[in-house]
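Only the coordinates and a few stated rules stand behind these numbers; no lab work does. From a predicted model like this one, the values you see are computed outputs, not experimental measurements. Virtual Cβ from ideal backbone geometry, glycine too; neighbours counted across all protein chains shown.
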Amino acid sequence: MRPADLAREHGISTQAVRNYERDGFLPPAERTPTGYRVYTEAHAAALRAYLALVSAHGHPAAGRIMTAVHADRLDEALTAVDLGHAQ
């Protein structure tokens with residue numbers, strides 16, 4: 001799906017989608033031969049998770065959690081979730 005489709009589905013801007021990818025909150029997008037981003041259902045699921053985490057833990061913690069998840073640092077992600085629950 002195109003960045004605009006992913007953004008519209010989640011009620012955010014296309015620039016926000018690109019920023020979330022750049023910041024590591026979403027996995028890297030595939031690229032077409034002409035360089036356009038292509039997102040999949042995995043990106044939509046990651047975006048839903050990020051937005052839910054923002055509601056529960058705030059932007060900074062949600063970003064740390066998602067960045068850790070996409071870097072396969074699951075212990076770090078779980079620790080951040082636990083810290084959010086403790087506060």
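Estimated purely from DSSP H runs of n ≥ 4, each contributing -39500 (n - 2.57), the mean residue ellipticity at 222 nm for the chain is -21000 deg cm²/dmol once divided by its residues.
Here the gap between Thr79 and Thr32, fully extended at 0.36 nm per residue and compared with their Cα-Cα distance, gives a gain of 13.3 nm.
Computed packing ranks the peptides 65-71, 51-57 as 65-71, 51-57, most packed first, by mean other Cβ atoms within 10 Å.
Take every Cα pair under 8 Å in the chain that's 6+ residues apart, average their separations, divide by the length, and report that relative contact order as a whole percent. Worked out over the chain, it gives 23 percent.
The chymotrypsin sites (Phe, Trp or Tyr not before Pro) found in the chain that occupy coil by DSSP, while having at most 14 further C-beta atoms within 10 Å, are Tyr36.
Taking Cβ atoms as reference points and 15 Å as the exclusive limit, the residues near Thr79 contribute a net charge of -2, counting Lys and Arg as +1 and Asp and Glu as -1. Remark: Thr40, Thr32 ranked as Thr32, Thr40, counting other beta-carbon atoms within 10 Å and listing the fewest first. The simple spin-label model puts a point 7 Å past each Cα toward its Cβ; for Ala49 and His10 those points are separated by 1.2 nm.
Residue-wise HN-Hα couplings along the stretch 30-35, as the Karplus relation 6.51 cos²θ - 1.76 cosθ + 1.60 with θ = phi - 60° gives them from phi, are 6, 10, 6, x, 8, x Hz; Gly and Pro carry x.
Fewest neighbouring Cβ atoms within 10 Å first, the residues Glu30, Glu41 line up as Glu41, Glu30.
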